[in-house]
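The values are calculated or read from the model by the stated rules, or taken from the named source; none is laboratory data. Computed from a predicted model, the values in this text were never measured in an experiment. Every residue, glycine among them, receives a Cβ derived from its backbone with ideal geometry; neighbour counts consider all protein chains shown.
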Amino acid sequence: MGWTGELARQISGQVLDDDASREAMAADFGRIVMRKPEGVVRPATAEDVARVIKFANRHSLKVSIRGAGHSQSGQSLSDHILLDMTSLAELPPPTDETVVCQTGLKWRALVEKLLPLGFSPPVLTNNLDVTVGGTLSTAGLGVASWRYGTQADNCLEVEVVTGEGEIVRSSPSANRDLFDAVRAGVGQFGVITEAKLKLRRTKPNFRTFFLLYDDLTLLLDDLKTVMTDARFDYLEAWCTPVPQGFKKVAGERQPFAQWFFPLHATVEVEGDSAPHPSEKLQGLNFYKLVHTEDGEIGEFFARLDDLFTLWKRAGFWDFAHPWMECILPWESTLLYVSQVLQNLPPQAIAGGHILLWPARGKASSAPLLMRPESEWLMGFGILPAVPAPRLEEALPRLALASQASMLMGGKRYLSGWLDFDAATWKLHYGEHWAAVAALKKKFDPHDVFNPGFMKTT
Ligand SMILES: Cc1cc2nc3c(=O)[nH]c(=O)nc-3n(C[C@H](O)[C@H](O)[C@H](O)COP(=O)(O)OP(=O)(O)OC[C@H]3O[C@@H](n4cnc5c(N)ncnc54)[C@H](O)[C@@H]3O)c2cc1C
């Protein structure tokens, strides 16, 4: 680690090589891959980032870019230099319907600044404590994605430090190939240091209908209906098991469940214009309207905080998280989800959940977010919290679910747990594979960014 002192003299930010700083960056939310960096760099400027990359290239060191470290397969871990982007978190006042910020900023800070002004980002992820750079680099899916695509789709311009240490501005009209490479580029093509983001006017309140379905077919039909007539602003559904005891499977007694499907359908509300259920739920085939929740829109954006607090209190947050998320063609959803649920022991998702997020196929156009060519899509995620001793048993099951999703025309979402070999990376990018490899060669010619994660050769 002789290099840390030399690099510290070349940048205005910090270079930390004490054991505690390195240990703090040795794991991610997945807690499956562990890599302790030789040094943690907290840049003060984009110029610092450029100096770090050039330094790394000169000394044959490798760099991983890290936001809040909530990805799950070592995407944000490094053996050499760990670039901790949370030191770049400036947020100047928004102008018109856009905001420009540094990318180590957490979405929560952005939301807190925007809401009093009556604005919000069109798409927010469930967890607001992740960084702008971290989600732009995976895409950023949320409960408004069915309409507005991903956070990467709502990014208008970026400042990027390339793998050669050049600082380049890129947008749809300038250096477009770099703009298209870094959005959903999983930290493989450049460091996004600044982003210009689209905003939308937000109504101050919300009403959510908590609907429960006992039949996946009916849920799927209704989701298509409510997306077609744009009846709600936000849509999120789950698969929830009701354990039924044990049954014999191939001579062995195994726990099994009856699955139910909650759907939370939310509208933004101005003044006292909250819609009546008879108006909004007409023609839908749910089993039960369980609850109607009203509140301020900021409470809606942070609605998962309480769940995450519960997971933390119960210790689930510290377990391993081999999350398996994918985007399915609508046509495969019923069969795929039914089969996965049939084979999933209900206790396997304790401390987590199973998500169903519908979308229009054309809502996103970010080129590196791989998704099926289908008019309608379904985001599906098995998000368990697994105690270390059970990992060995859980990973093969999740690997099977991952392989099956790809066999049925789906694409994996790259922030989760990935056990891709070179052939699977090639399958993932399909016809775009050659273009991805060419972009990698162009923007990271020395393979400085987290080599070995994306196997392009
Ligand atoms: C509880 C929880 C809920 C979640 N909910 C959602 C959800 O609703 N929707 C969703 O889409 N995801 C969700 N995720 C996944 C999470 O949003 C992604 O893993 C996201 O990438 C994490 O952001 P981060 O700041 O922690 O990035 P990190 O995990 O630190 O990094 C993620 C990737 O981005 C790269 N990267 C980070 N910063 C930059 C940068 N400035 N420039 C270039 N590359 C960079 C890294 O190298 C890495 O490849 C959730 C995760 C958790 C733990």
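Look at region 92-117 and say how many of its residues are modelled with pLDDT under 95 and in contact with a Lys or Arg (Cβ under 9 Å, 6 or more places away or on another chain).
3
Restricting the search to region 176-193, which residues are within 9 Å of the ligand (Cβ to nearest atom) and of a type outside the set (Ser, Thr, Tyr)?
Step one: of region 176-193, the residues within 9 Å of the ligand (Cβ to nearest atom) are 182, 185-193.
Correct list: Val182, Gly185, Val186, Gly187, Gln188, Phe189, Gly190, Val191, Ile192.
Can you tell me which of Gly410, Gly379, Gly416 is under 23 Å from Gln342 (Cβ atoms) and in contact with a Pro (Cβ under 7 Å, 6 or more places away or on another chain)?
Numbers: Gly379 fails: in contact with a Pro (Cβ under 7 Å, 6 or more places away or on another chain); Gly416 fails: in contact with a Pro (Cβ under 7 Å, 6 or more places away or on another chain).
Every option except Gly410 fails the conditions.
So, in region 289-314, of the ones that are among the charged types (D, E, K, R) and assigned to a strand (DSSP E or B), which residue ends up farthest from the ligand (Cβ to nearest atom)? Give the steps one after another, and end with the answer.
As a first pass, look at region 289-314 and keep what is among the charged types (D, E, K, R): 293-294, 296, 299, 303, 305-306, 312-313.
Retained after the next criterion (residues that are assigned to a strand (DSSP E or B)): 293-294, 296.
Numbers: Glu293: 19, Asp294: 23, Glu296: 20 Å.
Per the criteria, the residue is Asp294.
Please tell me if His446 is away from the ligand (no atom under 16 Å from the Cβ), surrounded by fewer than 17 Cβ atoms within 10 Å (Cβ to Cβ), over 16 Å from Val186 (Cα atoms) and at pLDDT 95 or above. Before you say what the answer is, go through the steps one by one.
Numbers: away from the ligand (no atom under 16 Å from the Cβ): yes; surrounded by fewer than 17 Cβ atoms within 10 Å (Cβ to Cβ): yes; over 16 Å from Val186 (Cα atoms): yes; at pLDDT 95 or above: yes.
Spelling it out, His446 is indeed away from the ligand (no atom under 16 Å from the Cβ), surrounded by fewer than 17 Cβ atoms within 10 Å (Cβ to Cβ), over 16 Å from Val186 (Cα atoms) and at pLDDT 95 or above.
Considering only region 36-53, state which residues are among the charged types (D, E, K, R) and under 25 Å from Leu105 (Cβ atoms). Steps first, please.
Step one: list which residues in region 36-53 are among the charged types (D, E, K, R), which gives 36, 38, 42, 47-48, 51.
Within region 36-53, Arg42, Glu47, Asp48, Arg51 qualify.
Starting from region 19-39, take each residue that is in a strand (DSSP E or B) and list its partners that are away from the ligand (no atom under 16 Å from the Cβ), counting only C-beta distances under 7 angstrom and pairs at least six apart or across chains.
Going by the 7 Å Cβ cut-off, the qualifying pairs are Gly39/Met1; Gly39/Thr4; Gly39/Val15; Gly39/Leu16; Gly39/Asp17.
How many residues are free of Cβ contacts under 8 Å to residues at least 12 places away in the same chain and among the hydroxyl-bearing types (Ser, Thr, Tyr) when one looks only at region 211-238? Write out each step before concluding.
Filtering region 211-238 for residues free of Cβ contacts under 8 Å to residues at least 12 places away in the same chain gives 228-229.
Those still in the list that are among the hydroxyl-bearing types (Ser, Thr, Tyr) too: 228.
Residues flagged as free of Cβ contacts under 8 Å to residues at least 12 places away in the same chain and among the hydroxyl-bearing types (Ser, Thr, Tyr) within region 211-238 amount to 1.
Please go through region 98-156 and pick out each residue that is over 14 Å from Lys198 (Cα atoms), within 14 Å of the ligand (Cβ to nearest atom) and among the acidic types (Asp, Glu).
Result: Asp129, single match.
Among the numbered conditions (1) within 12 Å of the ligand (Cβ to nearest atom); (2) more than 26 Å from Trp376 (Cα to Cα), tell me where Glu166 comes up short.
The failed condition is (1).
Run Ser173 past the list (1) within 13 Å of the ligand (Cβ to nearest atom); (2) more than 21 Å from Asp84 (Cα to Cα) and report the number of the one that doesn't hold.
(1)
Where residues in region 404-417 are surrounded by 14 or more Cβ atoms within 10 Å (Cβ to Cβ) and assigned to a helix (DSSP H, G or I), which of them is nearest to the ligand (Cβ to nearest atom)? First the steps, then the outcome.
Taking region 404-417 as the starting set, the residues that turn out to be surrounded by 14 or more Cβ atoms within 10 Å (Cβ to Cβ) are 404-406, 408-417.
So of that shortlist, the ones also assigned to a helix (DSSP H, G or I) come out as 404-406.
Numbers: Ala404: 21, Ser405: 16, Met406: 19 Å.
My answer is Ser405.
What pairs come up if the first residue lies in region 367-392 and is part of a loop (DSSP other than H, G, I, E, B), the second is of a type in the set (Asp, Glu), and their beta carbons are under 7 Å apart, counting only those six or more places apart or on different chains?
So the pair list comes out as Pro367/Asp180; Leu368/Asp180; Ser374/Glu331.
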